[in-house]
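The values are calculated or read from the model by the stated rules, or taken from the named source; none is laboratory data. Since the model is a prediction, treat every value here as computed from it, not as a measurement. Here the Cβ is made from the backbone with ideal geometry for all residues, glycine too, and neighbour counts use every protein chain on show.
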């Protein structure tokens, strides 16, 4: 079993739609969680951190469920520019070792 | 520039040759990571350095892979006796204390 698992998609949604991605992790000792975004043939960039109480940044909401060991990302009012691959990232139990999920591809259509 | 710099940007070499990939992190960043990404796949953790601590090498796929970081700054990833399955984009990232990680543009390695 992979340490971090994501549905690869692709998710094809119209502009204005709400879309949600989940990610599960296997190491219960993991402490830090993040969502990164990667555009085609570009380097990943941090989208947002995920806090225990859940957090929101504009149209993006991230949540953590420690009991079930998953994190989620909700995107409201999707824009064409949201089309990208969304990477779930987990700090692997201690130190700075970071495990990236394989990513979920999102296509937002006009 | 102020970002993470990787070189070369592209490398084509014959199977069996050794290659060296270089990463120049953002000045002052204490942590440096190496990942590789195959076409259409996610990032595979290889190794990370944090300050003067011993590196975490747990992601290196075989003993043909090694990395060092000199003077707490520039890092070199070396792949000996390259195989075709080593073909991938090798990404370096640096950070000040974990996150966010700032990535370089990567080195696209092709083994013929």
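Out of B:58, B:75, B:38, I need the residue that is within 28 Å of residue A:101 (Cβ to Cβ), within 15 Å of the chain's Cα centre (by Cα) and at pLDDT 95 or above. Which one?
Just one listed residue meets the conditions, B:75.
Condition test on residue A:97, is it modelled with pLDDT of 90 or more and either at the interface with chain B (Cβ under 9 Å from one of its Cβ atoms) or in contact with a strand residue (DSSP E or B) (Cβ under 9 Å, 6 or more places away or on another chain) (or both)?
When the stated conditions are applied, residue A:97 does not pass them.
Residues that are at pLDDT below 95, within 14 Å of another protein chain (Cβ to nearest Cβ), crowded, with 21+ Cβ neighbours inside 10 Å and part of a strand (DSSP E or B): does the stretch B:13-31 have at least one?
Yes.
Would you be able to say whether some residue in the stretch B:37-48 is in a strand (DSSP E or B), surrounded by fewer than 14 Cβ atoms within 10 Å (Cβ to Cβ) and either in contact (Cβ under 8 Å) with a residue 40 or more places away in the chain or touching a strand residue (DSSP E or B) at 6+ places or on another chain (Cβ under 9 Å) (or both)?
no
Inspect the stretch A:2-15 for any residue being over 24 Å from residue B:92 (Cβ atoms), surrounded by 15 or more Cβ atoms within 10 Å (Cβ to Cβ), in contact (Cβ under 8 Å) with a residue 12 or more places away in the chain and away from chain B (no Cβ under 14 Å) and give the result as yes or no.
Checked the stretch A:2-15: at least one residue is over 24 Å from residue B:92 (Cβ atoms), surrounded by 15 or more Cβ atoms within 10 Å (Cβ to Cβ), in contact (Cβ under 8 Å) with a residue 12 or more places away in the chain and away from chain B (no Cβ under 14 Å).
Counting only residues that are within 14 Å of chain A (Cβ to nearest Cβ), farther than 14 Å from residue B:9 by Cα and either without any contact (Cβ under 8 Å) to a residue 60 or more places away in the chain or touching a helix residue (DSSP H, G or I) at 6+ places or on another chain (Cβ under 6 Å) (or both), how many does the stretch B:68-112 have?
So the count comes out to 3.
Working only within the stretch A:33-70, note down all residues that are within 14 Å of another protein chain (Cβ to nearest Cβ) and buried (at least 18 other Cβ atoms within 10 Å of the Cβ).
Answer for the stretch A:33-70, where residues must be within 14 Å of another protein chain (Cβ to nearest Cβ) and buried (at least 18 other Cβ atoms within 10 Å of the Cβ): A:33, A:34, A:35, A:36, A:37, A:38, A:43, A:44, A:47, A:48, A:50, A:62.
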